[in-house]
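Structure first, commentary second.
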Amino acid sequence: MAFLVPKVEVTVESYYSGEVAVIDNVPVGVAAVGQVMSTVGVSLTELFETALATAVQTLQTQPPAGDVSLFFVSDGRSDSPWSFSDEVEQLRQQLADLEKALKDLQ
């Protein structure tokens, strides 16, 4: 009850346009939860954007040598070191084997 009775004024700012809106009579509990969630969401988004931009920039300048992890996306060329055609074919074969085994069980 203590978080619903006291009312506060909340200022909402658009992350993209910077527009500001003021909302009166918001329960303090709702305002606090909204503020925490907004701060965490924006902070995590900025961290992910920074990390991914750094990873992409690193991959563009220094592609990994040796075995290529499935983390990297193929460009679709079979002669590319980024191609996963062998792995995809193995997965298809494993799925076909699994389907056959399931049919045999029935």
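What the table below lists for this structure:
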| read-out | value |
| --- | --- |
| Theoretical gain in end-to-end length, Val28 to Lys7 [0.36 nm per residue, Cα-Cα removed] | 7.0 nm |
| Added length on full extension, which subtracts the Cα-Cα distance from 0.36 nm per residue, Asp97 to Val20 | 21.9 nm |
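Any read-out appearing in this document is the output of simple, stated calculations on the displayed coordinates, not a laboratory observation. Remember, it's a predicted structure, so these values are computed and weren't measured experimentally.
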